[in-house]
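Heads up: the structure comes next, in structure tokens.
The values are calculated or read from the model by the stated rules, or taken from the named source; none is laboratory data. Just so it is clear, the model here is predicted, and its values are computed rather than measured. Note that each Cβ is placed from the backbone with ideal geometry, even for glycine, and that neighbours are counted across all protein chains shown. For the accessible areas, the whole protein counts, side chains as well, though only heavy atoms, and no ligand, DNA or RNA atoms are used. Shrake-Rupley method; radii C 1.70, N 1.55, O 1.52, S 1.80 Å.
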Amino acid sequence: MHGGSADDQGEALAPPLVLLAVTHGSPSADNRAAIIALVDAVASARPELDVAVGFVDARHSDVAAALSQHVSVPDAVIVPVVLSAGFHVRTGLAEGLDRIPFSGAVLAEPLGPDQRIVDVLAARLEHSGLLPGDSVLLAAAGSSDSRAAAECFETGRLLAARLGRPVTVGFIAAGSPRVHDAVDMLRAVHHGSRVLVSAYLLAPGWFYDAVTGMGADIVSEPLVLPGSDVPGELVELVLERYEVAAQRERARTE
């Protein structure tokens, strides 16, 4: 999970990259394997970087305290491996930087929303057998934070434009409408059509298991799967978030 050292590659100024996976409970073996596959793909794309991963359980731990425990590298750029960040993640991660016993660590933006994620979502739907008459529902984990919800609706808008058809947004654990209610609504409005769920989830885990039992005809696979190639779009996105944060920090300190 680590690229070559900066000294070996002649890139002494490149700050380390820490991918921080924010989970809701202990990650399953498949979830952990998928996240590690993403980390390995990022490290392979940029071998001069020191790339590491940390897992933070947002449901059962203090996010801020967990961040300070997981990040022990001076001047690291921390990329939250989340598609949208709710209040406890945004606030917890920001507060966590203050608890890190050294200066220089910076926090990048979360991964979504972004057109590259939408491209992978569309590919997953097509692989699932999307047909012209199907109804499409984007299923997100959900958050009580209005900003996180707005980001999910923006992803739904981008996916609709990408597919050239309407996309309804539903939430698995928080927010409205809930996925099962949205499935029922789509069936009532589009009688006889299949309902395909686009899983707006980074990796397998509790949320994916939950959405598969909410009444849709088909649920597409998450963005990253253990044992499969990581989409290049996601690797590119992680590295862009890293570069933007690193450049912002360099500009601030010059």
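Within region 190-218, restricting attention to residues that are without any contact (Cβ under 8 Å) to a residue 40 or more places away in the chain and assigned to a helix (DSSP H, G or I), the residue that is surrounded by the fewest Cβ atoms within 10 Å (Cβ to Cβ) is D209.
So, in region 4-27, of the ones that are among the polar types (S, T, N, Q) and at pLDDT 70 or above, which residue ends up surrounded by the most Cβ atoms within 10 Å (Cβ to Cβ)? Per the criteria, the residue is T23. Among the residues of region 133-158, the ones that are open to solvent by 20 Å² or more (accessible area, probe 1.4 Å), within 21 Å of A85 (Cβ to Cβ) and in a loop (DSSP other than H, G, I, E, B) come to 4 in all. The single condition from (1) open to solvent by 20 Å² or more (accessible area, probe 1.4 Å); (2) under 25 Å from R90 (Cα atoms); (3) touching a Ser or Thr at 6+ places or on another chain (Cβ under 6 Å); (4) among the small types (G, A, S) that A173 fails is (3).
In region 228-235 there is no residue that is open to solvent by 20 Å² or more (accessible area, probe 1.4 Å), in contact with a strand residue (DSSP E or B) (Cβ under 6 Å, 6 or more places away or on another chain) and more than 19 Å from A85 (Cβ to Cβ). Anything in region 28-67 that is part of a loop (DSSP other than H, G, I, E, B), modelled with pLDDT under 90 and open to solvent by 20 Å² or more (accessible area, probe 1.4 Å)? List them, or say none. Those that are part of a loop (DSSP other than H, G, I, E, B), modelled with pLDDT under 90 and open to solvent by 20 Å² or more (accessible area, probe 1.4 Å): R59, H60, S61, D62. The set of residues in region 219-249 being aliphatic (A, V, I, L, M), under 13 Å from the mean Cα position of the chain (by Cα) and in a helix (DSSP H, G or I) consists of L234, V235, L237, V238. Of all residues in region 159-169, one or more are among the aliphatic types (A, V, I, L, M) and not in a helix (DSSP H, G or I). Of note, L130 satisfies the criterion of being touching a strand residue (DSSP E or B) at 6+ places or on another chain (Cβ under 7 Å), open to solvent by 10 Å² or more (accessible area, probe 1.4 Å) and on the phi < 0 side of the Ramachandran plot.
Scanning region 75-100 for residues that are at pLDDT 75 or above and open to solvent by 60 Å² or more (accessible area, probe 1.4 Å) yields a total of 2. Filter region 88-138 down to the residues that are among the charged types (D, E, K, R) and over 18 Å from the mean Cα position of the chain (by Cα), then identify the one that is nearest to S68 (Cα to Cα). Per the criteria, the residue is R99.
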